[in-house]
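Reviewing the structure listed below.
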Amino acid sequence: MPRQPRRRSYDQYCAAARALDAVGDRWTLLIVRELLAGPRRYTDLHADLPGVSTDVLASRLKDMEREELATRRKLPPPAAATVYELTARGRELLPVLTALAAWGAPELAERRPTDAVRAHWFAIPLIPLLHRLPYVPAVLDVRLDEGEFHVRTDGSTGGGAVYGDGPAPDADARLVLDADTCRALAEGTLTVEEGVKDGRIEVTGDGPVAAALRGE
């Protein structure tokens with residue numbers, strides 16, 4: 001197979017420039033955001049990246065494979081589907097996205113009419129906050145009107161997904177809140193404890209983690 005031409009480079013002997021050579025193209029970091037939730041099919045990626053064209057998505061995925069940020073593999077039967085997943089190097093971008101989310105959180109003060117939203121897009125801003133809770137390690141479901149995702153703070157990911165779309169079968173507790181409360185948590189203007197006390201966060205579950213979150 002002929003070697004694919006390398007994308008345009010900044011040609012600067014600078015760590016930041018080298019990083020942007022690999023992930024600075026439009027959509028690349030958002031694809032990373034999606035793959036941090038675990039392996040995804042191309043069709044699932046396209047569905048959760050509203051606005052990206054099929055050609056651009058395919059091109060970015062090829063670029064990410066070339067940069068060894070992502071790999072492609074086929075699931076065994078009965079699934080028999082091809083999925084993309086991050087490499088260890090790709091997963092190292094989590095702190096980058098976490099920092100970007102913290103920096104950009106104030107920009108969510110007003111939701112524009114054209115803004116798409118997916119529940120799991122709030123996972124990355126919330127992960128550091130949930131990891132600092134005194135009730136972890138734990139598996140926590142987070143439910144919004146827009147959907148549900150789960151975050152694992154129990155060290156069981158084995159270097160894989162740091163969060164997942166949908167509820168977890170082994171969740172220790174479920175947090176029910178709205179997007180505005182998620183934004184306040186991400187901005188640092190609200191803590192989980194304050195949200196529970198004020199009734200902005202409902203905690204369900206029967207175990208000790210859920211009870212501790214409710215202050216029982």
Summarise the long-distance tail of P(r) for segment 135-216 by giving the % of C-alpha pairs beyond 18 Å. 41
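Just subtract the alpha-carbon distance of Ala116 and Arg132 from 0.36 nm times their residue separation and send over the number in nm, one decimal.
2.9 nm
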Cβ-placed point charges (K, R +1; D, E -1), dipole of the chain about Cα centre in debye, nearest 20: 1100
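Within 14 Å, Cβ to Cβ, of Val203, how many net charges do the neighbouring residues add up to if Lys/Arg are +1 and Asp/Glu are -1?
Local charge sum for Val203: -3.
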How far is it, in nm, from the label point at Arg72 to the one at Asp44 when both lie 7 Å from their Cα along the line to the Cβ? 1.7
By how many degrees, 0 to 90 and rounded to 10, does the Cα axis of helix 54-66 deviate from the longest principal axis of the chain? 80
Which value, in debye to the nearest 20, gives the size of the charge dipole of segment 94-200 about its Cα centre, when Lys and Arg are +1 and Asp and Glu are -1 at the Cβ? 160
For Val56 and Thr191, extending 7 Å from Cα along the Cα-Cβ vector and measuring point to point gives, in nm, a value of 4.1
Which of the listed residues, Ala102, Gly90, Ala179, is farthest toward the dipole's positive end in segment 89-216, when Lys, Arg count +1 and Asp, Glu count -1 at the beta-carbon? Gly90
Which label marks the calculated value of Cα extents along the principal axes in Å, given the options [x] 68, 34, 29; [y] 63, 42, 34; [z] 74, 46, 34? [y]
Extension gain, Ala179 back to Ala15 (0.36 nm per residue minus Cα-Cα distance, nm): 55.5 nm
Take the Cα radius of gyration of segment 14-87 and divide it by 2.2 N^0.38 Å, with N its residue count; two decimals is plenty. 1.12
Calculate for the chain the 222 nm mean residue ellipticity that helices alone would give, adding -39,500 (n - 2.57) per DSSP H run of length 4 or more and normalising by residue count, nearest 500 deg cm²/dmol. -10000 deg cm²/dmol
Quote the accessible area belonging to Tyr10 in square angstrom, nearest 10, computed with a 1.4 Å probe and with ligands, DNA and RNA left uncounted. 130
Label point 7 Å beyond Cα of Ala211 along Cβ direction - residues of segment 172-202 with amide nitrogen under 16 Å: 172-174
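The values are calculated or read from the model by the stated rules, or taken from the named source; none is laboratory data. In this text, all values refer to a predicted model and were calculated from it rather than measured experimentally. Reconstructed Cβ throughout: ideal geometry from the backbone, glycine too, with neighbour counts over all protein chains shown. These area figures cover heavy atoms from the full protein model, side chains too; ligands, DNA and RNA do not enter into them. Shrake-Rupley method; radii C 1.70, N 1.55, O 1.52, S 1.80 Å.
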